[in-house]
Structure formats: C-alpha cells, structure tokens
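Next up is a structure, given as structure tokens.
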Amino acid sequence: MRADDIRPDLAIETLAVHAGQEPDEATGAVAPPIYQTSTYQQDGVGRPRRGYDYARTVNPTRDRLQRAVAALEGGGEGIAFASGSAATAAIAELAAPGSEIVVGDDVYGGTYRYLERVRRPNGVEPRYVDLAGDPDALWEALTERTQLVWFETPTNPLLKVIDIAATARTVRERYGDRPDRPLIVVDNTFATPVLQRPLDLGADLVFHSATKYLAGHSDTVLGVAVTRDPAIAERLRFLQNAMGGVPGPFDCFLVLRGLRTLHLRVERHVANATAIAHFLADRPDVAWVSHPGLVAGPHAHPHAPATGQMSGGGGMVSFRPAAGGARGRTAAERATAIAEATRIFTLAESLGGVESLIEIPARMTHASVAGSPLEVPDELIRLSVGIEAIGDLIADLANALDAS
C-alpha cells in the first residue's frame, strides 16, 4: 500500500497495519529502514534534498510515525516528541502568559507538576475543574482569559470519563465562532484511537504518551500530538524544533512497530480489564472499583452516559481495598501488601504494555499531587491489565487479596 492509498474511510485495523508503514520508496523494502542519521547531504548550498537538512528538524522515520498516528486519529498532522511530558510542555506553550488553562481535576502527576511548577511561575494560571461531574462546572470556569481546556478521558488514575462532544459544545456556545476561543486539548493515552477519536468529537488537539499503548511493549519513551488545525500544527512544529525535544529514529521505529498490532492488543486489554473489574466488584473486601466497562451493580461507572464515545472500557482498572483483610490492616496497608504480593502483575510505574502492572499512585506516579486538591487516596491501586491469560491474572490478584 502506498502513502496516497491511506484514506480516512479505511478501518482502523487496516490503518494500524499500513499507515506510515508503506514499503520503502527507494528499494521497496516492506519493512522500511530506520534513518539513524543526524544530518543529510544537500544538493547545493541551502538546497536540502526533499527538505531534509538536519535530523532535529525532520527525519524520515519520524515522518512515518507522525503520519501513522494522525491517520489513526482520523486525519490531520502529527507532531512527535521525546516523551509524553515533552508533548505536554509544547502544548502548554500554546497558552500565553496572563492566560488561564481549565484542567480536568484528575490528571497524571507529571502534568500537574509541569503546569504548577513551570507554567504557573511564568504567568499561566491552571484552574482545576471536575469536568466529569457538574455539567455547569465548565461554563462557570471559562473566562475571557481561558486559552486551553485540557483533560484526560479516561482520567489518570480515577478513570473518570469526560464527555468530549459535550465539552466542545459548551466551549462553542460560550464563545461562538471567535477565532480566539479556547482550544480543547484531550489526552487520549488511556483510550487510544482504537476506542475513541477526540478530533471527531470536537477536540482541537489530541495527544498521547506513546510510551504506553501505542508502543505497547514497555521498551521506549515517546509522545505525539495530532491536530487538524494547520495553525496549531505549525506552532507545534516550531516548538518541536526550537525546544529540541524530539524522539530518536529508533524510538520512532519501535512505536511504528507497536502500532501494527495496536488493535489486537487493545481488544485483549479491554477484555481482560473488564473481567478483572467484575472480579473485583464481586469481592466483599474491595470497597470501590472504577472501570468504564462496569455499567451495572454497586460499582457501576458513574459516567456511563459519556462512555458512548468509547467503543470499549479500556485496559485500566483502579480499586480501593476495604480495611480488614486477613491481618486486620488499614485499607492503605492492605493496598501496599497487595501491590507487593502479586507475581504476574509487576510492581512498576507506567502502563499500556503487554505485561500487567500494578502500582500505588499516591506514592508512585502521583506523588507530586500530594497535599493538593488533586491528591489521590493512599489506598488506591491502579492496574494496567496486560494480555496474559485472564485466569492467571485473576488468580494472582485473588492470592494477593486473600493474603493481605
């Protein structure tokens, strides 16, 4: 398949295999080469061949990755960065000093840290709002200084679901067709474009920590943003080059390779996570379970109406054990004991790999929100459910819960 054969109407399964993965133009190699170079020979002074002058600015392997993720998100332009945090930093630069960013009140700890400790001292005010709760909260939070509305869905780590289309409608009703209306920024890391496409629902910009599901094998660090707005894309490309936070060619290759099985992996992640959520919901020693695929019972997800924007509940599960257990521990003590007792679930930060991971957000990924309004409970456990046999995963959690 050639690059000009990639069309938005193709199924995402086809796009995952072929977008950005077209045979090499020079040799026809089905697996395109990795352009592991820092610079390029020019045809004359100031005449780079096909625009390739310096690898921080442009690289063929990075071009392929950017094109692939843009296709998966339904079109537009992709801009890749050295990490999800580098993408966060570049996107946050779209808010000028003196402006405000309305932020969902449950976000990755690194996002909170960057907004609070880098952008706030530089004159940008983040304001944290429960965008999944009161439908009027966003309207009341918007002001003439708001330049970005920024949120994750599902959120990290509580797995709230925010209605992207409703958020977009609110912003457009509040500001009309004004060219200076706030931009809607959606972190789609947890859902992936397999389960939801924020740009189709009214977002202006979508981004991923491609370290997670897009790469899928816990072997690289990378971020990527996609937009259909040429002006936003131009600005982000400038920041990509000027700030220098670009991914290396081999990292781009690893994500490209991961994308080819993304749809298959996500299907298994969702099936396993849904089964684990039901298993946890049936345990009397579990006080709270969050998974968008739970639509009935005492642990039914509270934002089920918004889950229509997703074609599955995702591969993440968060839960809180009840106090007590086999040793009469507090809920927080039990959480630690459970996280340290699993044998198939690996105690580690990150998510979205083929292997299952378990962590305590309050002491690991979200330690930076301690003492803030975004602080998460000490007893909260976050699971990244992998693609192993579901019977083995449930038995591993059951053993850890029983022993705690």
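The values are calculated or read from the model by the stated rules, or taken from the named source; none is laboratory data. Bear in mind that the values here come from a model prediction, so they are computed numbers and not experimental data. In this analysis, Cβ positions are derived from the backbone assuming ideal geometry, glycine residues included, and neighbour counts consider all displayed protein chains.
Identify the single condition in (1) within 19 Å of the chain's Cα centre (by Cα); (2) without any contact (Cβ under 8 Å) to a residue 60 or more places away in the chain that Gly312 does not satisfy, given that it satisfies every other one.
(2) is the only condition that Gly312 fails.
Condition (residue is surrounded by 20 or more Cβ atoms within 10 Å (Cβ to Cβ), in contact (Cβ under 8 Å) with a residue 24 or more places away in the chain and in a loop (DSSP other than H, G, I, E, B)) applied to the range 386-398: is it met by at least one residue? Give the derivation first.
We begin by selecting, within the range 386-398, every residue surrounded by 20 or more Cβ atoms within 10 Å (Cβ to Cβ); these are 386-387, 393, 397.
Filter once more, keeping what is in contact (Cβ under 8 Å) with a residue 24 or more places away in the chain: 386-387, 393, 397.
Filter again for in a loop (DSSP other than H, G, I, E, B), leaving 386-387.
Yes, the range 386-398 has at least one match.
Inside the range 252-287, can you point out the residues that are touching a strand residue (DSSP E or B) at 6+ places or on another chain (Cβ under 9 Å) and not assigned by TED's automatic domain parsing to the domain that holds Phe319?
Cys252, Val255
Under 6 Å between Cβ atoms, at least 6 apart or on separate chains: pull out the pairs that start in the range 267-289 with a residue that is free of Cβ contacts under 8 Å to residues at least 40 places away in the same chain and end on any residue that is in a strand (DSSP E or B) and surrounded by 17 or more Cβ atoms within 10 Å (Cβ to Cβ).
Ala281/Val289; Trp288/Arg320; Val289/Phe319
For Val103, which of the numbered conditions (1) touching a Lys or Arg at 6+ places or on another chain (Cβ under 9 Å); (2) closer than 22 Å to Leu222 by Cα fails to hold?
Among (1) touching a Lys or Arg at 6+ places or on another chain (Cβ under 9 Å); (2) closer than 22 Å to Leu222 by Cα, Val103 violates only (2).
Condition (residue is of a type outside the set (A, V, I, L, M, F, W, C), buried (at least 21 other Cβ atoms within 10 Å of the Cβ) and closer than 17 Å to Arg382 by Cα) applied to the range 325-333: is it met by at least one residue? Even if it seems obvious, please write down each step before you answer.
Here is the first cut: in the range 325-333, the residues of a type outside the set (A, V, I, L, M, F, W, C) are 325, 327-330, 333.
Still in the list and also buried (at least 21 other Cβ atoms within 10 Å of the Cβ): none.
For the range 325-333, residues of a type outside the set (A, V, I, L, M, F, W, C), buried (at least 21 other Cβ atoms within 10 Å of the Cβ) and closer than 17 Å to Arg382 by Cα: absent.
Same structure, new question: Please work out which residue is surrounded by the most Cβ atoms within 10 Å (Cβ to Cβ), limiting yourself to the range 214-253 and to residues that are in a loop (DSSP other than H, G, I, E, B) and in contact with a Leu (Cβ under 7 Å, 6 or more places away or on another chain).
Quick first cut of the range 214-253, residues in a loop (DSSP other than H, G, I, E, B) only: 214-222, 228-229, 244-248.
Keeping just the survivors that are in contact with a Leu (Cβ under 7 Å, 6 or more places away or on another chain) gives 214-216, 219-220, 228, 247.
Values: Leu214: 30, Ala215: 25, Gly216: 28, Asp219: 13, Thr220: 21, Arg228: 18, Pro247: 26.
In this case the residue turns out to be Leu214.
Kindly check whether there is at least one residue in the range 352-361 that is surrounded by fewer than 20 Cβ atoms within 10 Å (Cβ to Cβ), at pLDDT below 95 and assigned by TED's automatic domain parsing to the domain that holds His299. Lay out the reasoning, then the answer.
From the range 352-361, those surrounded by fewer than 20 Cβ atoms within 10 Å (Cβ to Cβ) are 354-355; that's our starting set.
Still in the list and also at pLDDT below 95: none.
Checked against the condition, which is being surrounded by fewer than 20 Cβ atoms within 10 Å (Cβ to Cβ), at pLDDT below 95 and assigned by TED's automatic domain parsing to the domain that holds His299, the range 352-361 yields no hits at all.
Here's something else I'd like to know. Inside the range 75-133, counting only strands (runs of 3 or more DSSP E) that do not spill past its ends, which hold 2 or more residues that are touching a helix residue (DSSP H, G or I) at 6+ places or on another chain (Cβ under 7 Å) and surrounded by 21 or more Cβ atoms within 10 Å (Cβ to Cβ)?
Working: elements: 77-81, 100-104, 125-129.
Passing ranges, in order: 77-81, 100-104.
I need the full set of residues from the range 134-178 which are without any contact (Cβ under 8 Å) to a residue 24 or more places away in the chain and not in a helix (DSSP H, G or I), in order please.
Within the range 134-178, Asp134, Asp136, Glu144, Gly176, Asp177, Arg178 meet the criteria.
Examine the range 51-64 for a residue that is within 21 Å of Asp219 (Cα to Cα) and part of a strand (DSSP E or B), and state whether such a residue exists.
No: the range 51-64 contains no residue that is within 21 Å of Asp219 (Cα to Cα) and part of a strand (DSSP E or B).
Scan the range 373-385 residue by residue and report those that are assigned to a loop (DSSP other than H, G, I, E, B), at pLDDT 95 or above and of a type outside the set (A, V, I, L, M, F, W, C).
Scanning the range 373-385 gives Glu375, Pro377, Asp378, Glu379.
Does the range 364-376 hold any residues that are buried (at least 16 other Cβ atoms within 10 Å of the Cβ) and free of Cβ contacts under 8 Å to residues at least 60 places away in the same chain, and which are they?
In the first step, residues of the range 364-376 are kept if they are buried (at least 16 other Cβ atoms within 10 Å of the Cβ); the result is 364-366, 368-369, 374, 376.
Met364, the sole residue that qualifies.
What number goes with the only condition from (1) under 25 Å from Val161 (Cβ atoms); (2) in a loop (DSSP other than H, G, I, E, B) that Ile358 does not pass?
Condition (2) is where Ile358 drops out.
Restricting attention to the range 286-330, which residues are part of a helix (DSSP H, G or I) and farther than 16 Å from Leu397 by Cα?
If we filter the range 286-330 for residues that are part of a helix (DSSP H, G or I), which is where we start, we get 304-309, 325-327.
Listed by number, the residues that qualify are Ala304, Pro305, Ala306, Thr307, Gly308, Gln309, Arg327.
Return the residues of the range 295-309 that are surrounded by 21 or more Cβ atoms within 10 Å (Cβ to Cβ) and of a type in the set (A, V, I, L, M); say none if nothing qualifies.
Matches in the range 295-309: Ala306 only.
Now for a separate question. Conditions first: (1) surrounded by fewer than 19 Cβ atoms within 10 Å (Cβ to Cβ); (2) of a type outside the set (Gly, Ala, Ser); (3) touching a residue at least 12 places away in the same chain (Cβ under 8 Å). Leu264 passes all but one, so which condition is the exception?
Tallying (1) surrounded by fewer than 19 Cβ atoms within 10 Å (Cβ to Cβ); (2) of a type outside the set (Gly, Ala, Ser); (3) touching a residue at least 12 places away in the same chain (Cβ under 8 Å), Leu264 fails exactly one: (3).
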